[in-house]
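Input: a single structure, listed below in structure tokens.
The values are calculated or read from the model by the stated rules, or taken from the named source; none is laboratory data. Predicted model only: the values in this text are computed from it and were never measured. With ideal geometry, Cβ positions are generated from the backbone for all residues, glycine too; neighbour counts draw on all protein chains shown. Side chains are part of the model used for accessible areas, which takes the heavy atoms of the whole protein and leaves out ligands, DNA and RNA. Shrake-Rupley method; radii C 1.70, N 1.55, O 1.52, S 1.80 Å.
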Amino acid sequence: MDLREISEFFRDLSIYVITFVVIALIFIFVVALQPIAGNSMVPTLQEGDVVLVSKFSYRFFDIKRNDIVTLNVNGKSYVKRVIGLPGEDIKFIKNILYIDENPYTENFLPKGTATSGFTLEDVCKENECPNGKIPDGKYLVLGDNRPESEDSRTKTFGLVSKDQIKGKVFFKIWPFNRLGKVN
């Protein structure tokens, strides 16, 4: 083995090491893979789907209504849709979402999707939600499969804080026949 072969070997090896480090850094700081477990986001996401999650979106951008997010509640990871934002009064009456007393159409839900009626007071104690509004830094999240979703409507779940939200789901990578942007 001559010196050129050794230097070529180390040059090739360094390219592989740098590539591995860059990919590892991307998955540590920028994106994550999230498998979908359960049926709470049907029909948008199915059990077994795998999605990409932007870990840094909310460092630069605000959390918006209808964003699909990953979050940690009581040590478990969930995927839910943001419905209520800080400062808003949210309620469902006769299957209609009201935001600050104004009806809001959830276009992402299939026709006929039923959401059991509730008010913000059902989700949040008066001392936690002054003036009947979602407090700063808190969000109301729901699954798209409303009858089967554990979400902000349950006492053990409730409103979620910004620090519980770990990232924004933006792209479905599995199964390949449903590859694409997630809305």
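Note on region 129-147: among residues that are open to solvent by 40 Å² or more (accessible area, probe 1.4 Å) and part of a loop (DSSP other than H, G, I, E, B), the one that is farthest from N107 (Cα to Cα) is D136.
What are the residues in region 83-109 that are open to solvent by less than 60 Å² (accessible area, probe 1.4 Å) and of a type outside the set (D, E, K, R), if any? Within region 83-109, I83, G84, L85, P86, G87, I90, F92, L97, Y98, I99, F108, L109 qualify. For the condition touching a helix residue (DSSP H, G or I) at 6+ places or on another chain (Cβ under 7 Å) and of a type in the set (S, T, N, Q), S14 does not qualify. Quick check: anything in region 148-155 of a type in the set (V, I, T), under 21 Å from T113 (Cβ atoms) and either assigned to a helix (DSSP H, G or I) or open to solvent by 30 Å² or more (accessible area, probe 1.4 Å) (or both)? Yes; the residues of region 148-155 include at least one that is of a type in the set (V, I, T), under 21 Å from T113 (Cβ atoms) and either assigned to a helix (DSSP H, G or I) or open to solvent by 30 Å² or more (accessible area, probe 1.4 Å) (or both).
Listed conditions (1) among the charged types (D, E, K, R); (2) within 23 Å of V53 (Cα to Cα); (3) touching an Asp or Glu at 6+ places or on another chain (Cβ under 9 Å) are all met by D163, apart from (3).
Mind checking which residues of region 110-128 are of a type outside the set (G, A, S), assigned to a loop (DSSP other than H, G, I, E, B) and open to solvent by less than 70 Å² (accessible area, probe 1.4 Å)?
Matches in region 110-128: P110, T113, T115, C124.
Is there a residue being of a type outside the set (F, W, Y), farther than 14 Å from F170 by Cβ and open to solvent by less than 60 Å² (accessible area, probe 1.4 Å) anywhere in region 66-74? Yes, region 66-74 contains a residue that is of a type outside the set (F, W, Y), farther than 14 Å from F170 by Cβ and open to solvent by less than 60 Å² (accessible area, probe 1.4 Å). Anything in region 156-183 that is without any contact (Cβ under 8 Å) to a residue 40 or more places away in the chain, outside any strand (DSSP E or B) and either among the aromatic types (F, W, Y) or on the phi > 0 side of the Ramachandran plot (or both)? List them, or say none. Of everything in region 156-183, those that are without any contact (Cβ under 8 Å) to a residue 40 or more places away in the chain, outside any strand (DSSP E or B) and either among the aromatic types (F, W, Y) or on the phi > 0 side of the Ramachandran plot (or both) turn out to be G158, F176. Checking each residue in region 156-183 for being over 19 Å from D62 (Cα atoms) and either open to solvent by less than 70 Å² (accessible area, probe 1.4 Å) or hydrophobic (A, V, I, L, M, F, W, C) (or both) picks out F157, G158, K172, I173, W174, P175, F176, L179, G180.
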